[in-house]
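The values are calculated or read from the model by the stated rules, or taken from the named source; none is laboratory data. Predicted, not measured: the structure shown is a model, and the values here were computed from it. Note: ideal-geometry Cβ built from the backbone for every residue, glycine included; neighbour counts use all protein chains shown.
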Amino acid sequence: MKNFSDRMDVPSGVVSGAGKKGLRGGDDMFTRRFAKKVYLVFLLAGLVFVPCAHSSARRVILMIGDGMGFKHVEITRNYVGRPLAMEILPQKYGCTTYEYGGSYSSSLAWSNFNYVKSGATDSASAATALSCGVKTDNGNIATSHNDLQRLQTMSEYVRQLGMASGVVSTVPFSHATPAAFAAHNNHRDNYTAIAREMITSYGDGVGARGNTPTIAVIIGGGHLYWASGYIGSNEYNALRNGTTGQGWTFVERRSGVDGSLSLASAASNAVKLFGLYGGSGGNLEYRLANGTGANRENPTLAQMSLAALEVLQRSGRGFFLMVEGGAIDWASHANNVNQMIGEMIGFDEAVATVMGWVDRVDPLWEDTLLIVTGDHETGYITRGSGVFPNVPLANPGVGVLPTAGVHFAWNSTGHTNSLVPVYAKGVGSHLFAQFAKNWDIGYATYYLDNTEISTIMRLVAVPEPTGVVALAFGLGCLTVSRKKLLRIHRA
C-alpha cells in the first residue's frame, strides 16, 4: 500500500470523481461511506490498488536539451524560420536549475547582468534533481549532497510500479545526464564504474553506492573504439559476447554500416536494447546547422528515440524514457554557433518524432505525458555583451548563420543560473500550473523548480492497466476507472 498512500488520500480522491448522484442515485454521503468501506476492504485484503488519480500516464517521456536556454530556442527558431516543434506544446513555463544550497532571484537576474554567472548547477546535479526530485551538489549522480545516501531515480521509481525505463543520449551513455537516471555514484567522472553499474547492475566501482537493477534501453555515445574512458573493456566485451547476464540485445557503430538501419533491426525484436555509438569525442559527430557533419554510421537522435520507444512500448506495462540532446551543451561551451544550432535542430527533430509517435499510439494523449526542458543554460546568449536576455536577438534571416558580435553575443563559456524553458503536453501536463507559482519579470513566465518536474512525473506515472481495479464480491464486481470512478456491475 505504500505507493498508493504516498500518492493520494484514497477516500477523498475516489469520491471526488464519483459525481453528484453517488453510486445508486443517492447523495454524496452514501458515496463517501461506500468508498470508505471499499477502501477498508482493500486494506484488509492486502490488495495492491492502482491509484485512480485524475491524471495517469502509461508513458512518461522527458526530453532534455543539455545546456538549452530560452535564447537557444530563439536563435534556432530564427535560423529555421518557424516555431520549433517543442514550442507547439501547449504548456509553457520556466524552470530553476540551481544545485543544493543555491537559489534564484528574478529581481537580481534582471537588475545585475552578472548575477546568473554564479551559482550555476552542473549536469550531474541538474539531472539528479530531474530524476530523483532532490537537490544535490555538483558532481553527484543520484546521491545526496553529503555523498552518504542513494537517491531513488525515476527509473527505480517506475520499476517498483512494474514499468520499464530507458535512456537515450547523443553524448556518452555514462555521462552525467543519462547516468543520473540509471546509476548512483559520488562523482560524475567515474565513467567506467557508472557504465559497469548501468550494464551489469554491479555498483561496486569507484564512487558507486551499491547495485542497481538494469533498465530496459540504453542508447548513446561512448564507444571505446572512437573514444576511450567511457566504458571498460570488460563490460564492452561482455556486451559483444552476450555474457553480461542481463539479457541485452547489443548493437554498435560499425565501419561502413548505416547506424539507423542496424539500430532499427536490433530494436525490432529486442526485450532489452543496448546501442553503443559515438565519435572521437565520445559524442556522436556534431550535426551542423545546414544538416551536414553527422556520420551515417551513427543514428540520429530521432532514430534513437524511435528505437527506444519501440522496445519500451513492447513491455506492455508502461514506461519512462529520458532522451538527451547532450551535445547542445558541448557546442555552447565551445561557443560554436554552427554546431549549437545544428544540435538544437537535431534535438527538435527528435521532439517532433516523439510527438508523431504519440499521435499514432495515443491520438488523444490520454495516456502519455511529454516534457521538454533544459537542464541548465550554457553560454549566456544575449543580443550583445552586457545586454539582458529579454532583448530579442538580431535575425539575419532563414538559413543564415548568425555572427557572434553582430547578431548575438556569447557572454560565457560555462553554465549560468538562468531559467530554462519547459514545454509539456499530455495527461497531467496541467499540473505544471499548480507548481509554477513564481513570476519571472524578464522572461515573462511563471516558473517552477527542476525537482518539481520529477514530482509531477511521479504523480502521473501509472502502469498498465491504468486505473482499473476489480474485486469479486460474490454476485458483483467493483470497478474503479478514470472516467467514472465508482460503478457497480452485476455478475
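How many residues are part of a loop (DSSP other than H, G, I, E, B), under 30 Å from Pro463 (Cα atoms) and not β-branched (Val, Ile, Thr) when one looks only at segment 397-453?
Residues meeting the conditions: 5.
Kindly check whether there is at least one residue in segment 218-226 that is exposed (fewer than 14 other Cβ atoms within 10 Å of the Cβ) and either under 30 Å from Arg317 (Cβ atoms) or without any contact (Cβ under 8 Å) to a residue 60 or more places away in the chain (or both).
The answer is yes, given that some residue of segment 218-226 is exposed (fewer than 14 other Cβ atoms within 10 Å of the Cβ) and either under 30 Å from Arg317 (Cβ atoms) or without any contact (Cβ under 8 Å) to a residue 60 or more places away in the chain (or both).
What do you reckon, is Leu239 farther than 23 Å from Gly67 by Cα, of a type in the set (A, V, I, L, M), surrounded by fewer than 20 Cβ atoms within 10 Å (Cβ to Cβ) and touching a strand residue (DSSP E or B) at 6+ places or on another chain (Cβ under 7 Å)?
No: the conditions fail for Leu239.
Among Asp122, Asp147, Asp137, which is the only one that is over 25 Å from Ser315 (Cα atoms) and surrounded by fewer than 18 Cβ atoms within 10 Å (Cβ to Cβ)?
Numbers: Asp122 fails: surrounded by fewer than 18 Cβ atoms within 10 Å (Cβ to Cβ); Asp137 fails: surrounded by fewer than 18 Cβ atoms within 10 Å (Cβ to Cβ).
Criteria check complete, one pass: Asp147.
Does any residue in segment 259-282 that is not assigned by TED's automatic domain parsing to the domain that holds Pro178 come within less than 7 Å, Cβ to Cβ, of a residue that is modelled with pLDDT under 95 six or more places away or on a different chain, and which pairs are these?
Listed by first residue and then by second, the contacts come to nothing, as the list is empty.
Quickly run through segment 159-198 and pick out the residues that are β-branched (Val, Ile, Thr) and surrounded by 24 or more Cβ atoms within 10 Å (Cβ to Cβ).
Val167, Val168, Thr170, Val171, Thr177, Ile194
Across segment 403-444, what is the number of residues that are within 11 Å of Gln91 (Cβ to Cβ) and hydroxyl-bearing (Ser, Thr, Tyr)?
Within segment 403-444, residues that are within 11 Å of Gln91 (Cβ to Cβ) and hydroxyl-bearing (Ser, Thr, Tyr) number 2.
Would you point out which residue out of Leu321, Leu306 is within 19 Å of the chain's Cα centre (by Cα), among the aliphatic types (A, V, I, L, M) and either part of a helix (DSSP H, G or I) or surrounded by fewer than 24 Cβ atoms within 10 Å (Cβ to Cβ) (or both)?
Leu306
Scan segment 96-108 and report the pairs whose first residue is surrounded by fewer than 17 Cβ atoms within 10 Å (Cβ to Cβ) and whose second residue is of a type in the set (Phe, Trp, Tyr) and part of a helix (DSSP H, G or I), with Cβ atoms within less than 9 Å and a gap of 6+ or a chain change.
Matching pairs, first to second residue: Ser105/Tyr115; Leu108/Tyr115.
For Gly162, indicate whether it is of a type in the set (Gly, Ala, Ser) and under 21 Å from the mean Cα position of the chain (by Cα). Can you show your working first?
On the way: of a type in the set (Gly, Ala, Ser): yes; under 21 Å from the mean Cα position of the chain (by Cα): yes.
For Gly162, the condition - of a type in the set (Gly, Ala, Ser) and under 21 Å from the mean Cα position of the chain (by Cα) - is met.
Do any helices (runs of 4 or more DSSP H) lying entirely in segment 150-228 carry at least 2 residues that are more than 19 Å from Arg59 (Cα to Cα), and which ones are they? Talk me through it step by step, then tell me what you get.
On the way: elements: 154-160, 176-179, 191-200.
The helices (runs of 4 or more DSSP H) meeting that bar are 176-179, 191-200.
If you scan segment 41-98, which residues turn out to be touching a helix residue (DSSP H, G or I) at 6+ places or on another chain (Cβ under 6 Å), small (Gly, Ala, Ser) and either at pLDDT 95 or above or in a helix (DSSP H, G or I) (or both)?
Gly65, Gly67, Ala85
Say whether the condition of being modelled with pLDDT of 95 or more and surrounded by fewer than 22 Cβ atoms within 10 Å (Cβ to Cβ) is met by at least one residue in segment 414-426.
Checked segment 414-426: at least one residue is modelled with pLDDT of 95 or more and surrounded by fewer than 22 Cβ atoms within 10 Å (Cβ to Cβ).
Can you run down the residue pairs with Cβ atoms below 6 Å, 6 or more apart or on separate chains, where the first is in segment 200-215 and on the phi > 0 side of the Ramachandran plot and in the same structural domain as Arg150 (by TED's automatic domain parsing) and the partner is surrounded by fewer than 17 Cβ atoms within 10 Å (Cβ to Cβ) and modelled with pLDDT under 95?
From segment 200-215, the pairs are Ser201/Asn211; Ser201/Pro213.
Tally the residues that are of a type in the set (S, T, N, Q), under 19 Å from Gly325 (Cα atoms) and out of contact with any Phe, Trp or Tyr (no Cβ under 7 Å at 6 or more places or on another chain), restricting the search to segment 91-124.
Count: 2.
When you look at Gly102, is it at positive phi, at pLDDT 95 or above and of a type outside the set (Lys, Arg), yes or no? Give the derivation first.
Numbers: at positive phi: no; at pLDDT 95 or above: yes; of a type outside the set (Lys, Arg): yes.
Against the criterion (at positive phi, at pLDDT 95 or above and of a type outside the set (Lys, Arg)), Gly102 does not qualify.
Given the conditions (1) assigned to a loop (DSSP other than H, G, I, E, B); (2) touching a helix residue (DSSP H, G or I) at 6+ places or on another chain (Cβ under 8 Å), which single one is not true for Gly316?
Evaluating Gly316 over (1) assigned to a loop (DSSP other than H, G, I, E, B); (2) touching a helix residue (DSSP H, G or I) at 6+ places or on another chain (Cβ under 8 Å) leaves (2) as the failure.
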